[in-house]
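Before any comments, here is the structure.
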2 protein chains.
Amino acid sequence: MRANKGEPGSKQPTINDVAALAGVSKKTVSRVINRSEFIAEKTRKAVQDAIETLGFVPNPQARALAFRRNFLIALLHDNPNAQTVLNFQQGVLDAIKDSDLALLVRPVDRGSDRMLEDVRIFLEKQRPIGAMLLPPISENDALAALCSELGVRYVRVGSALLDDAVHCVSSNDREVVAEAVRRLIGLGHRRIGFVRGPVGFRSAAEREEGFHTALREAGLTLAPNHFAPGNYRYAAGVEAGEALLSLAEPPTAVFCSNDEMAAGVMSVAHSKGLSVPGQLSIIGFDDSPTATHIWPALSTVRWPIREMGARAARTLVPDFLDGTAIEESPVLASTFIERQSVAAPAQP
Amino acid sequence: MRANKGEPGSKQPTINDVAALAGVSKKTVSRVINRSEFIAEKTRKAVQDAIETLGFVPNPQARALAFRRNFLIALLHDNPNAQTVLNFQQGVLDAIKDSDLALLVRPVDRGSDRMLEDVRIFLEKQRPIGAMLLPPISENDALAALCSELGVRYVRVGSALLDDAVHCVSSNDREVVAEAVRRLIGLGHRRIGFVRGPVGFRSAAEREEGFHTALREAGLTLAPNHFAPGNYRYAAGVEAGEALLSLAEPPTAVFCSNDEMAAGVMSVAHSKGLSVPGQLSIIGFDDSPTATHIWPALSTVRWPIREMGARAARTLVPDFLDGTAIEESPVLASTFIERQSVAAPAQP
DNA sequence: ACTCTAAAAGACACCGGTGTCAAAAACAAG
DNA sequence: CTTGTTTTTGACACCGGTGTCTTTTAGAGT
């Protein structure tokens, strides 16, 4: 049964109400809430009953004050890919579900020069225990430094170690990109184009390295005009597509550093009347919703993003998430997903 | 200048530190923080200086406790469209930026039968002042009832009034859908297909009504086999496409109730070798990222989602967001966006 | 200078929890 | 039945702010 909380005038029951009803001191109730040992089973039961009867829920603000620490963790992101953010967030919530923690989500405007100041204000005001930084802002060292300065723990999420291992959660993107490109090579592709992510992004560099690794293994090299710069946006994919597909000897396959750019390349292929995958194979990266919304469906690399969210939370605040000890390695496995945008090259 | 907060052993300065430094009582400092009147300009200045010197930031937990109310608002969502959620969230943050409010974001698992119970636990634990419900869960009356029961204000966001006007923020989707369909008719289309959203969704019904309105005005009717059910998912779009485009006399244009389904229809058109928009015009709804990532770019309806977020926040907690008085009408304007997926029908 | 009033500042309790340490209860051993 | 130990419980201060009410100060009027 639940107390009549809906009625006007009725208030949230407090620890005092519980104590009075159970006939014990508030400190004893506090002990029950916090699962202290040194409590007689009989007393615990009585208090537990009183809690149920009143529908008592401890006031998190009061607890935070008394504990001299709050129970907030923050998710800082500036992600062009909304689905990624939400999936990650879901993973975090999976991990903290049975804890006392709450999650604050905070978009960060990377472009703004007030960015650092804004984040500082946010962190100073909310004082979360820890913060999780999603790529690309996870690569911002000033941000990490700010967290350190303010005594806020942090975890950086990314495709490679960006910091000490204790501060990172990452995935083996490089390896999986290599695997995807090997697949293209295995199908017979020799002229493979590459559309890069933005300069200065670790993730972009990782993917590029994976690409080159696979090429090297096969004794191939990337023709300079088969390389296109990009910035992870659709428009950059279109530009890259225009450039690569207008060549006298265009690539028969293109690896794009994310799905959005792959969609851009694909639309250029369509508008030029090239069939995909018949005349051009395309691979993307992210497994964003776009990957399955375009036609043909895009072969891509899936980031274990939800798991990374859960892992990031456990890495950030292991002391609040009892049970699971932190596994040794912070690297989770991405997977290559084959759909319909890849086939053997047309016979010359 | 800022205090040496990074150093180990140094603590957050409290109101007491400020009071001591300024040589006043903590209550006076409190008055300055809360912009009380009845404070001598000289004193205010002294306190303000002390605050700056120490880098003092009031502890929100302590304030919440003393005020007997916290400063949290919650965003409850279960949205297939991540971008929508993030844009809405951004709008909310725009609105609360200069206030004391903080935002909790909480995904809700609509499918789960524990959904209501989960939300109840969340609300009882966090006790936010108010909650904003994004569609489709904004249509859930049980959820609204739960908020009322727990004394949590709420605002429902949707494409039509779902509740009292005080509890709603919506947009004129019906009208804009009609406008889009009129455009098709104006181009000469007579056989126009319709792919509906899920049964029981207000948004789906609104869009359908708008569609019929435009048809009626032009003296047209929807052939029964030009209607396809759907659920806002890509796969449903594919099914609808298969059904509509296999007809002996297929529609020359299709209005899809969201972009994802439109993408599905488009991919079927591609695979059947139909050119879009040459042989088939397609219109979507949402202006999701997908709309511009597919080829040809999709004509669609843009929801003023960020503005709605800001508006929802102001409607929810006008008393915390000074300045802007609430405008009378809670209906914001959606807009029809023309891209490349619409053209005049091929001559028969 | 003196009173009166309004403005400004302070004292102290309180919000709803937890930490500390002492007191009470329970139990074992002599 | 005492005494000594170990569990269990409670009293009270405190976390960092705000509300209420009182006191002090400043300024106006006579």
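State the Cα centre-to-centre distance between the stretch B:53-76 and the stretch B:113-148 in whole Å. Using only Cα atoms, the two centres lie 22 Å from each other. By the Kirkwood approach, averaging reciprocal distances over each pair of separate Cα atoms, the stretch B:51-97 gets a hydrodynamic radius of 13.5 Å.
Calculated on the alpha-carbon coordinates, the convex hull of the stretch A:180-239 measures out at 86 cubic angstrom per residue. Surface calculation, 1.4 Å probe, protein heavy atoms: A:Leu143 sits at approximately 0 Å² accessible.
Here the dipole of the stretch A:23-180 is about 1160 debye; that uses its Cα centre as origin and unit charges on the Cβ of Lys and Arg (positive) and Asp and Glu (negative).
Coupling constants for the stretch A:275-281 follow from the phi torsions by the Karplus curve (6.51 cos²θ - 1.76 cosθ + 1.60, θ = phi - 60°), and in residue order they are 8, 10, x, x, 9, 8, 8 Hz; glycine and proline get x.
Counting, for every residue in B:286-297, the Cβ atoms of other protein chains within 10 Å of its Cβ and taking the mean gives 6. Listed values for the stretch A:82-90 are Karplus-derived 3J(HN,Hα) couplings in whole Hz (6.51 cos²θ - 1.76 cosθ + 1.60, θ = phi - 60°), namely 4, 4, 4, 4, 5, 5, 4, 4, 4, and x replaces Gly and Pro.
Only the Cβ atoms of Lys and Arg (+1) and of Asp and Glu (-1) were treated as charged; on that basis the dipole of the protein assembly as shown about its Cα centre amounts to roughly 1500 debye.
The B:Ala297 and A:Asp319 beta-carbon pair, evaluated with R₀ = 56 Å, returns a calculated FRET efficiency of approximately 0.65. Sorted shortest first, the separations between the A:Asp113 label point and its copies elsewhere in the assembly read 5.9 nm; each point sits 7 Å from Cα along the Cα-to-Cβ line. For A:Val105, the residues whose amide H sits under 5 Å from its own are A:Leu75, B:Val105, ignoring neighbours fewer than 5 places away on the same chain, with H placed 1.01 Å from N.
Mean projection of the Cα convex hull over all viewing directions, computed for the stretch A:173-303: 6.8 nm². Against the empirical curve 2.2 N^0.38 Å, the C-alpha radius of gyration of chain A lands at a ratio of 1.28. Counting Cβ atoms of other protein chains within 10 Å of each residue's Cβ and taking the mean over peptide B:126-139 gives 1.
Computed from Cα atoms alone, the Kirkwood hydrodynamic radius reported for the protein assembly as shown is 27.9 Å.
Each stretch of four or more DSSP H residues adds -39500 (n - 2.57); spread over every residue of chain B, this sum gives -13000 deg cm²/dmol at 222 nm. Here is how far apart the A:Ala223 label points are across copies: 4.9 nm, shortest first, using a point 7 Å from Cα toward Cβ. Near A:Glu139: Cβ cut-off under 9 Å, other residues only, Lys/Arg at +1 and Asp/Glu at -1. The net charge is +1.
Diffusion of the stretch A:31-127 by Stokes-Einstein, at 25 °C in a medium of 0.890 mPa s and with Rh set to the Kirkwood radius over alpha-carbon pairs, works out to 148 µm²/s.
Across chain A, Cα pairs under 8 Å and at least six residues apart give a relative contact order of 16 percent.
Taken over the Cα atoms of the stretch B:130-199, the convex hull encloses 85 Å³ per residue.
When +1 charges are put on Lys and Arg Cβ atoms and -1 charges on Asp and Glu Cβ atoms, the dipole computed for chain A relative to its Cα centre reaches about 980 debye.
Mean per-residue shielding of peptide B:103-109 is 4, counting Cβ atoms of other chains within 10 Å of each Cβ.
Return the subset of A:Lys11/B:Lys11; B:Lys45/B:Lys97; B:Lys27/B:Lys125; A:Lys45/A:Lys97; A:Lys97/A:Lys125 for which the Cα-Cα distance in this structure is over 27 Å, preserving the input order. A:Lys11/B:Lys11; B:Lys27/B:Lys125, as the Cα separations exceed 27 Å there.
The values are calculated or read from the model by the stated rules, or taken from the named source; none is laboratory data. Model, not experiment: these values are computed from the prediction. Note: ideal-geometry Cβ built from the backbone for every residue, glycine included; neighbour counts use all protein chains shown. SASA here: full protein model, heavy atoms, side chains in, ligands and nucleic acids out. Shrake-Rupley method; radii C 1.70, N 1.55, O 1.52, S 1.80 Å.
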